[in-house]
1. Residue check, Arg52 against (1) free of Cβ contacts under 8 Å to residues at least 24 places away in the same chain; (2) surrounded by 15 or more Cβ atoms within 10 Å (Cβ to Cβ); (3) of a type outside the set (Gly, Ala, Ser); (4) within 17 Å of Glu132 (Cβ to Cβ), all met but one. Which one?
2. Could you list, in sequence order, the residues of segment 5-16 that are in contact (Cβ under 8 Å) with a residue 24 or more places away in the chain and either outside any helix (DSSP H, G or I) or loosely packed, with under 11 Cβ neighbours inside 10 Å (or both)?
3. How many residues does segment 99-132 hold that are touching a Lys or Arg at 6+ places or on another chain (Cβ under 8 Å) and either surrounded by fewer than 13 Cβ atoms within 10 Å (Cβ to Cβ) or at pLDDT below 95 (or both)?
4. Could you look through segment 18-34, keep only residues that are touching a residue at least 40 places away in the same chain (Cβ under 8 Å) and outside any helix (DSSP H, G or I), and pick out the one that is nearest to Ala124 (Cα to Cα)?
5. Within segment 59-79, how many residues turn out to be charged (D, E, K, R) and touching a residue at least 40 places away in the same chain (Cβ under 8 Å)?
6. With the structure loaded, tell me whether Phe24 is among the hydrophobic types (A, V, I, L, M, F, W, C) and more than 11 Å from the chain's Cα centre (by Cα) or whether it fails that test.
7. Test each condition in (1) surrounded by 16 or more Cβ atoms within 10 Å (Cβ to Cβ); (2) assigned to a strand (DSSP E or B); (3) modelled with pLDDT under 95 for Gln58 and report the one that comes out false.
8. In segment 70-98, which residue that is among the polar types (S, T, N, Q) and at pLDDT 90 or above is surrounded by the most Cβ atoms within 10 Å (Cβ to Cβ)?
Amino acid sequence: MLGQEFEEFLQEWNEDGTGMRRGFDDLLGILRNAEGVELSFKARPGVSYSLRATHAAQRERSLFAMIDVIDDDPANRWLSVCFFGDMVSDPEEKGDLIPEGLLGGDGYCFDLDTAEESEVTYVAQRIREALEAAARG
């Protein structure tokens, strides 16, 4: 359960022309419906809203996926979805490698500034891939 702060964030986030709220909801749905996943939320209004996913089978890492809603312009939010580099592939090279940038480990971040279906689907595939890796421990 994510709590009241997360629910208020969702209620206050009105859809804009980018469709980003819909894209966020699609990615959130994968995590909410996955067995063994626990979600946490950290709000930093004006900067970002961070949704972090952990799996019960994980032993060495505190998350397997992080979805940041970048809030520098609340009327034009975008997403940065990050994973540890060894938990996902990037066959189309759409992600940015972030050396030691995810809790001290190498990560990949996939930025979505529009919610084009193909882009959201690509990131959703990375979430499923990271989820499978996390479930293996």
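1. Arg52 satisfies all of (1) free of Cβ contacts under 8 Å to residues at least 24 places away in the same chain; (2) surrounded by 15 or more Cβ atoms within 10 Å (Cβ to Cβ); (3) of a type outside the set (Gly, Ala, Ser); (4) within 17 Å of Glu132 (Cβ to Cβ) except (4).
2. If the condition is that a residue be in contact (Cβ under 8 Å) with a residue 24 or more places away in the chain and either outside any helix (DSSP H, G or I) or loosely packed, with under 11 Cβ neighbours inside 10 Å (or both), then Trp13, Asp16 are the ones that fit.
3. 4
4. Ala34
5. Residues meeting the conditions: 3.
6. Here the answer is no, as Phe24 does not meet what is asked.
7. Unmet condition: (2).
8. So, considering only residues that are among the polar types (S, T, N, Q) and at pLDDT 90 or above, the one surrounded by the most Cβ atoms within 10 Å (Cβ to Cβ) is Ser80.
The values are calculated or read from the model by the stated rules, or taken from the named source; none is laboratory data. Remember, predicted model here, so these are calculated numbers, not experimental data. We place every Cβ from the backbone using ideal geometry, glycine too, and count neighbours over all the protein chains shown.
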